[in-house]
Every structure is written in C-alpha cells, then in structure tokens.
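The values are calculated or read from the model by the stated rules, or taken from the named source; none is laboratory data. Since this is a predicted model, take the numbers as computed values, not measurements. Note that each Cβ is placed from the backbone with ideal geometry, even for glycine, and that neighbours are counted across all protein chains shown. Each accessible area value is taken on the protein alone, full model and side chains, heavy atoms only, with ligands, DNA and RNA left out. Shrake-Rupley method; radii C 1.70, N 1.55, O 1.52, S 1.80 Å.
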Amino acid sequence: MTSTRATSFGAWAEQYDDHRPTYPDDAVGWLLPPHAVRVAEVGAGTGKLTDRLVGRGLDLDVVEPDGRMLALVADRHPGLRVHEAGADALPLDDGSVDAVLVADAWHWFPKAEASAEVARVLRPGGWLGCVWNVPVLEHDWQWRAMRLDPALAHPEDTDPMERLDLASGSAEQRSFRWTWTLTPAQWRGFVSTVSHVALLPEAEREAALDETERLVTEACEAAGASGVPLDHDAVCIRWSPDGGAA
C-alpha cells in the first residue's frame, strides 16, 4: 500500500473500526476452502473480517502493514498471531496456509508481488479469497449521501481476473446481498471513513458530512423510522494460482 489514500486509514483507525460494516457469514463461508484449518488474513485493517474468522475457530495469522490498525486487532483478540507487514512480503512459510483472505484491500496491493507471495504460502489446493462490501445505491439521495457520482457505478459482471488484475490462474466470482440499517449519525460516521471524504480539507469534509446527515434524516422522516436500510453486495472472488478449480 503506497498511495496516500492507501496509507490514510491508520490515522483514523478507531473511527474506521467504529463505523465500517462487517461481512455476512454466507460470504465468509464461500471464501473459505472446505475443511480449511490454517488461514492468513492479509490487509486486515482493524479486523472486521478477522472477527468472523476468529468466530469460526480457525488457526489464524493476521497481516496488516499499519501498526495503528493492527493494535486494535491485537487488543480485541489477545494471543492471536499478528504481523505488521505488507502483502508483498508475507511473514509466513512456504505452503503453510489453506487460504489467504483479503477484505476490501486487494486493490491497494502491488498485484504482481502480492499474487506471487500468496501463491508461495498456499498449500496445494488452497486459494485466495477476496471480498469487497459494495453499497447498492438505488436512489439519487443515496448517491449524494455517499458523496458519489452515479457515473462511477461499476458493472456487476466484471471479469474476476480483471478485477484482481492478475495474468494467470483461474478465478470465480459471487455476490451476497445483505442489508445494513443506519441512523443519520451512523451513516455520517460510515461516510467519514471513506477515503475520498476523509482526505478532504476539514471544513469541506464537515460540510459534506453535514449534507450527508441531512439527506439521511430526510429519508428517515419520510419512512417514519429512526434508520434507513443501505443494501450492500459482498462481492467475493476465489483465485487459484495453479489454474485449478477454486
């Protein structure tokens, strides 16, 4: 992770941990090989996916380059093996894990180096599993509340190999729809952790967040509810470096 946006998250690790969503269990199950025992999570952030993996009783190594974020994982899960390292130099032995999982982070990695490292540490038959939580924005006010332009919408049928930006191996993709209900304050907190908003100058950022909270408040009033749903697709990809079926 070398860009300004990629390295910005640690500065507000606690806010990220408070306001970012988790991942649905059916998506996590699809990402894991059958009978997986030892798993590495890379680019773990503050441990949103880590919590789900710990709950499954896996033998887990957590890798994250930002010590500020990794400290939150270590505090929440004492005794867990945590490693402050990047995806291009995994502190794991060759052929030592059944799967490598990455949540909302693969797009920040140096792809060639990261894919070579993943292939090195995987056991035969193991795979890389990546997931992105993608908000499903169906109304104009939702786009404006997220501070996004509808023109930025991505097609859902993106080839998984193109999405991972890899030249070899084989991959398959599946999405899992889930719903997150947020109050205006919670929606504001979520948007405050999105990098294109978090990196704005303070006055501009606060004005944008005020507008987000106003839009969601109006939506709540129209629905007669304290919170409104924000659908997400957990977009999942499984990649096998040897070209076998994931």
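For this structure, a couple of remarks:
- Within the stretch 127-138, considering residues that are in contact (Cβ under 8 Å) with a residue 60 or more places away in the chain and not in a strand (DSSP E or B), the one farthest from Gly43 (Cα to Cα): Glu138
- If only residues of the stretch 63-84 that are in a strand (DSSP E or B) and open to solvent by 20 Å² or more (accessible area, probe 1.4 Å) are counted, the one that is farthest from Gly29 (Cα to Cα) is His83.
- Restricting the stretch 127-149 to residues that are surrounded by fewer than 24 Cβ atoms within 10 Å (Cβ to Cβ) and in contact with a strand residue (DSSP E or B) (Cβ under 8 Å, 6 or more places away or on another chain), the residue that is nearest to Gln186 (Cα to Cα): Met146
- Residues located in the stretch 221-246, provided they are closer than 21 Å to Leu166 by Cα and open to solvent by 80 Å² or more (accessible area, probe 1.4 Å): Asp242, Ala245
- Matching residues in the stretch 90-126 - criterion: being open to solvent by 40 Å² or more (accessible area, probe 1.4 Å), part of a strand (DSSP E or B) and either within 23 Å of Val54 (Cβ to Cβ) or aliphatic (A, V, I, L, M) (or both): Arg123
- Checklist (1) of a type in the set (Gly, Ala, Ser); (2) surrounded by fewer than 20 Cβ atoms within 10 Å (Cβ to Cβ); (3) assigned to a loop (DSSP other than H, G, I, E, B) applied to Ala87, failing item: (2)
- For the residues Leu60, Leu53, the requirement of being in a strand (DSSP E or B) and in contact with a Leu (Cβ under 6 Å, 6 or more places away or on another chain) singles out Leu60.
- Lone qualifier among Glu206, Glu218, Glu213 - being at pLDDT 95 or above, of a type in the set (D, E, K, R) and open to solvent by less than 60 Å² (accessible area, probe 1.4 Å): Glu213
- Residues (closer than 22 Å to Ala234 by Cβ and either among the β-branched types (Val, Ile, Thr) or open to solvent by less than 40 Å² (accessible area, probe 1.4 Å) (or both)) located in the stretch 49-62: Leu49, Thr50, Leu53, Val54, Leu58, Leu60, Val62
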